[in-house]
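In what follows, a structure is listed as structure tokens, so that the remarks can point back to it.
Bear in mind that the values in this text are calculations on the coordinates, not laboratory data. Source: prediction; values computed, not measured. Neighbour counts are summed over all protein chains in view; Cβ atoms, including those assigned to glycine, are modelled from backbone coordinates with ideal geometry.
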Amino acid sequence: MTIRYQADADLNQAIVTGVLRREPKINFQTALAAGLEGVKDADVLMIAATQKRILVSHDRKTMPSEFADFIVSHQSSGVIIVSRKLSIEATIEELLLIWAASSADEWINRIAKLPL
């Protein structure tokens, strides 16, 4: 199954725009389209999981622990935490590589931080 991404409300929109500009075939839903502004982390994880999307977020403070709690009783499509120190260009490259080189099944209940 092909990877699909979900941007968290805190993700820099330039990352989504850049990924889609480089590879229009990627299904990368914005936080606005998913209605994620002001939504609690657990609910964001549920929305992403329901839609079988890997959540892409800058939230390294609360999201990892919320993810750990979530996968105790739910299946996640995965979470990618992007360092704010990583350039937008490097983030785009890494997300493109993940999309091209892995399958959605490889990300089930997995969390990773960029840079890899």
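Quick check: from the Cα gyration tensor, does the chain come out rounded (a/c under 1.5), prolate or oblate?
Verdict is rounded for the chain.
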Self-check item: Amide proton proximity set for residue 114, modelled H, under 5 Å, gap of 5+
Solution: 81, 82, 83
Self-check item: ³J(HN,Hα), Karplus 6.51/-1.76/1.60, whole Hz, each residue of segment 27-34, x for Gly, Pro
Solution: 8, 10, 7, 6, 5, 4, 4, 8
Quiz item: Taking the Cβ of residue 31 as the center, what net charge do the other residues with Cβ under 10 Å away carry, scoring Lys and Arg +1 and Asp and Glu -1?
Solution: -3
Self-check item: For segment 4-114: relative contact order, % (alpha-carbon pairs under 8 angstrom, 6 or more apart)
Solution: 30 percent
Self-check item: the chain - share of DSSP beta bridges that are antiparallel (%, nearest 5)
Solution: 0 percent
Quiz item: What is the fewest-to-most order of 74, 58 by other Cβ atoms lying within 10 Å of their Cβ?
Solution: 74, 58
Practice problem: Would you list the membrane-span-like helices of the chain, meaning whole DSSP H runs whose alpha-carbon atoms span at least 15 Å along their axis and whose mean Kyte-Doolittle value is at least 1.0? | Solution: 88-101
Self-check item: Nonlocal amide H pairs with residue 27, under 5 Å, H built at 1.01 Å
Solution: 5
Self-check item: Within-11-Å neighbourhood charge of residue 78 [Cβ basis; K, R +1; D, E -1]
Solution: +2
Practice problem: Report the net charge of residues surrounding residue 104, where surrounding means a beta-carbon distance below 13 angstrom and charges are Lys +1, Arg +1, Asp -1, Glu -1. | Solution: +2
